[in-house]
Amino acid sequence: MTVGLLHPGEMGAALGAALSAGGETVVWASAGRSAATAARARDAGLEDVGEVRELCRRSDVVIAVCPPHAAVEVAGSLRDFAGIYLDANAISPMTARSVSVRVGRFVDGGIIGPPPSTQGTTRLYLSGAEAKLVADLFVGTVVDARIVSADVGAASAVKMAYAAWTKGSSALVLATRALARAQGVEDTLLEEWRLSLPHLLGTELDTIPAEIPYLAAPATTHLSAELQTQVQSAPGHRLGLCWSPNLQQIQDYKRYCPLDILAPLFELAGISWYSLYKGRFAHELAPYAERVVDLGSHFADFADTAWAIERLDLVITIDTAVAHLAGAMGKPVWILLPFASDWRWLHDRDDSPWYPSARLFRQPSYGDWRSVSAQLAAALHEFIR
């Protein structure tokens, strides 16, 4: 049987290598892919067929392990494929069902574990009417393929529930300790946990996994050639800025820092400024159009944000997704926090156990962004010196 593999990243290439070692013919399409992807595919023993159209023509099964945001679009591009389509992305059950209506023969997949190289580390959960046909491909390989049910979305639900526990439980333990610390009873709580719930003490601030980067920027972007040149050839230090979250709830406004408060920073010499903000407050850039390049309004997706961040020297942002993306990419990021900040930023510290490249700037009192701007100005003088 021939298996076509779309987007052989680290996980996809490892799946392909497992299938190839098990005797299956595994093909991929190099058109439009990077040299790094080609090297991974070559190392995994995948056969290059050039174009995706040729991959579909030759394959009995096509496996997609691409970024979750692209799942529906990728499935739609394979509408004429007659074989079995396995989406092994970390997508929601609802997205899995949406994908299923775009292809004729669909199997939903959810991977738990690292890229497989040895037995017992990685499970591939499968659901859908033809899940057994896919599971049979992995018999005798290092991938433990397990059928959940015939219902599309079930495999993705397993992955979603598992991730909710592994990420949420650690966060809950830390939040509970922060509460106890604020009330002056942390030592008593820890002693009780040692007696009754000793397993909870496996997570400490100094044992939080913080290996970065764990996200990488794409090689291409939807930004125009002119904007790409403005980013890549700018003189001096290149700094990105995001001053507002996506204001959906009333409590979101405490994270919003009006741009005019930060405007004095634009007068500092030796800095090229770029806006990473996309939203209804983009008009605040108008008075500073000559000093700040508006990239965010031209972003088509979050991958464009990552592309821009990769090419900057520093990101300055309020507490929003841009902060977490920059931190996950290992990019130096200065995060501006309201007086009552989110629990994950802890208290009385200017660093983050999750993001070693982050530096925190906190309001000294409720709503005092001007003091934060003054802190930034002093820090930037040191940064560009």
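Every number in this text was worked out from the coordinates using simple rules, so none of it is lab data. Because the structure is predicted, anything quoted here is derived from the model rather than measured. Glycine gets a Cβ as well: all are built from the backbone with ideal geometry, and neighbour counts include every protein chain shown.
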Worksheet item: Could you name the aspartates and glutamates in cross-link range of K167, using Cα to Cα under 15 Å and dropping any fewer than eight places away on the same chain?
Response: E204
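Find the Cα radius of gyration of segment 225-384, compare it with 2.2 N^0.38 Å by division, and give the number to two decimals.
0.96
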Worksheet item: Of V26, A321, I147, which is farthest on the positive side of the dipole of the chain, counting Cα position, with +1 on Lys and Arg Cβ, -1 on Asp and Glu Cβ, and the Cα centre as origin?
Response: I147
Response to the item:
quick note, the chain, DSSP beta bridge pairs, % antiparallel (nearest 5) is 10
Response to the item:
Note on segment 40-162, DSSP bridge orientation, antiparallel percent to nearest 5 equals 25
Practice prompt. Give me I63, I212 ranked fewest to most by other Cβ atoms within 10 Å of their Cβ, as a rough exposure proxy.
Written response: I212, I63
Fill in: HN-Hα J in Hz across segment 278-290 - Karplus 6.51, -1.76, 1.60, θ = phi - 60°, x for Gly and Pro
10, x, 6, 9, 4, 5, 5, 6, 3, x, 10, 4, 7
Item to complete: May I ask for the distance between the Cα centers of segment 148-199 and segment 213-270, given as a whole number of Å?
Response: 34
Practice prompt. Quick one: dipole size for segment 2-154, taken about the Cα centre, charges +1 on Lys/Arg Cβ and -1 on Asp/Glu Cβ, in debye to the nearest 20.
Written response: 160
Worksheet, complete the sentence: Final fewest-first order of C242, C66 on the 10 Å Cβ neighbour count is C66, C242
Worksheet item: Taking a temperature of 10 °C and a viscosity of 1.306 mPa s, what whole-number D in µm²/s does Stokes-Einstein yield for segment 208-308 with Rh from Kirkwood over alpha carbon pairs?
Response: 106
Discussion item. Could you tell me how far the Cα centroid of segment 284-351 sits from the Cα centroid of segment 44-104, in Å?
Written reply: 33
Practice prompt. Counting other beta carbons within 10 Å of each Cβ, put M329, M160 in order, fewest first.
Written response: M160, M329
Worksheet entry | aspartates and glutamates whose Cα lies under 17 Å from that of K159, excluding same-chain neighbours fewer than 8 positions away | D87, D108, D144, D151
Discussion item. So I have (1) 37, 26, 17; (2) 116, 19, 12; (3) 41, 29, 18, and one of them is semi-axes √(5λ) of the Cα gyration tensor in Å calculated from this model. Which one is it?
Written reply: (3)
Worksheet item: What is the dipole size for the chain, taken about its Cα centre, with +1 at each Lys and Arg Cβ and -1 at each Asp and Glu Cβ, in debye to the nearest 20?
Response: 320
